[in-house]
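Working notes for the structure below.
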Amino acid sequence: MEINEVKELLNQFNDSNLTEFDLREGSFELYMNKNQTSRQTLAPAQPEPVTETAAPVPAANTEAESAPTVTSTGEGQVITSPIVGIVYLQPSPEQPAFKSVGEPVKQGETVCIIEAMKLLNEITSEFDGTITEILVENEDVVEYGQPLFRIN
């Protein structure tokens, strides 16, 4: 399948009422998903106590960025993973981490990258603050909704 065909499919999917699309043609596989709720929410593997309600954040403006979920807690805000994938806390192995504990972060600033289906998705902060805790290790596999950063 040619890249222009994939782009056309993406545009048609984006303009449609579909929430999921899965295409398999020979060795080519394409999966698209517009769902805003977690599959964990629908059928949790193990129940967790909920102390406060999570509020979804509006989707990012570009296709290259994924909108994280922001959860308010007594200790600040928590950025959670918007997708399942491998988290990278630095742009490349030779470069320093995007953010470290104690560093300020501004809205729209990249805090990590999550690789999903061989696509790199930049995860950005939805608010200003200071990183108080990094809740994952570099190259961890993360689940949808898994906490990544705590920010005050």
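Some notes on this structure:
- Segment E8-E29, length gained on full extension (0.36 nm per residue, minus Cα span): 6.0 nm
- Per residue, the average separation of C-alpha pairs within less than 8 Å and at least 6 apart gives the range 82-152 a relative contact order of 37 percent.
- Counting only heavy atoms of the protein chains and using a 1.4 Å probe, D22 has close to 80 Å² of accessible surface.
- Working from label points 7 Å from Cα in the Cα-to-Cβ sense, the M117 to D15 distance is 2.0 nm.
- Sequence of L10, L18 from largest to smallest accessible area, 1.4 Å probe: L18, L10
The values are calculated or read from the model by the stated rules, or taken from the named source; none is laboratory data. Values in this document were obtained by computation on a predicted structure and should not be read as measured data. No Cβ is skipped: glycine too gets one built from the backbone with ideal geometry, and neighbour counts run over all protein chains shown. SASA here: full protein model, heavy atoms, side chains in, ligands and nucleic acids out. Shrake-Rupley method; radii C 1.70, N 1.55, O 1.52, S 1.80 Å.
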